[in-house]
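Okay, structure first, notes after.
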Amino acid sequence: MMINEEKMVAPWFRQPWFWFLLIFPGMSVIWCTLAITVAVTTDNAMVTDDYSKEGRGINAEFARDDQASAMGLSARLDFSGERLMLTMDSTSGDQQFPYLILNLFHPTLSERDRTIQLNPTDDGRYSAALPRNLDGRWYFDLRDPGNQWRLKGETHLPSLTPLEIHAEVRGRE
């Protein structure tokens, strides 16, 4: 004699295999939605449309570096206190400018970038008020009013010791 047993089958939403198989496509839908939202709502400031113009600008910057090197320029920046003091030296004679421009670039936050105009003092140096909130790592370049030469570098601020900047001598490849 055979006994016919009927097993109760659980409804579909109580089956563990259903949820196990559903988790992977469900997570991919959530991940794609998140990635698309981030891509649409954020701005990528690193992308440029005019590569040839950027390349010409880079070559102009190299020419400014070469000019500073030919003039034998060096500078000493003192960030101590509330004033920024700059002393210029040149191997090609005394260089006097009506003012100098110091651009400070934050490595990641462009809204923190600063431009400082240094005015000459009586003793042949240049001076400017030091802006607040200059803590951390900074890239900088120092230029003349005519934008003919450039001294550049990198520093951590605040700095207790004066910063020495020299014109870069570089070889072209």
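The values are calculated or read from the model by the stated rules, or taken from the named source; none is laboratory data. On a predicted model such as this, the values are computed, not experimentally measured, just so you know. Quick reminder, even Gly has a Cβ in these numbers, built from the backbone with ideal geometry, and neighbours come from all protein chains shown. With ligands, DNA and RNA removed, areas are computed over all heavy atoms of the protein, side chains included. Shrake-Rupley method; radii C 1.70, N 1.55, O 1.52, S 1.80 Å.
Scanning segment 2-10 turns up no residue that is within 30 Å of Glu111 (Cα to Cα) and open to solvent by 90 Å² or more (accessible area, probe 1.4 Å).
Being among the basic types (Lys, Arg), within 20 Å of Phe140 (Cβ to Cβ) and open to solvent by less than 80 Å² (accessible area, probe 1.4 Å) is a property that holds for Arg64. Looking only at residues of segment 118-130 that are outside any strand (DSSP E or B) and touching a Leu at 6+ places or on another chain (Cβ under 8 Å), we find that the one that is most open to solvent (accessible area, probe 1.4 Å) is Arg125.
Among the conditions (1) open to solvent by 30 Å² or more (accessible area, probe 1.4 Å); (2) more than 19 Å from Gly81 (Cα to Cα), the only one that Leu151 does not satisfy is (1). Restricting attention to segment 131-149, the residues being part of a loop (DSSP other than H, G, I, E, B) and touching a helix residue (DSSP H, G or I) at 6+ places or on another chain (Cβ under 8 Å) number 4.
Screening Ser110 with (1) within 20 Å of Ser159 (Cβ to Cβ); (2) under 22 Å from the mean Cα position of the chain (by Cα) gives one miss only, at (1). Filtering Ser90, Ser110, Ser80 for residues that are open to solvent by 40 Å² or more (accessible area, probe 1.4 Å), at pLDDT below 85 and among the hydroxyl-bearing types (Ser, Thr, Tyr) leaves a single hit, Ser80.
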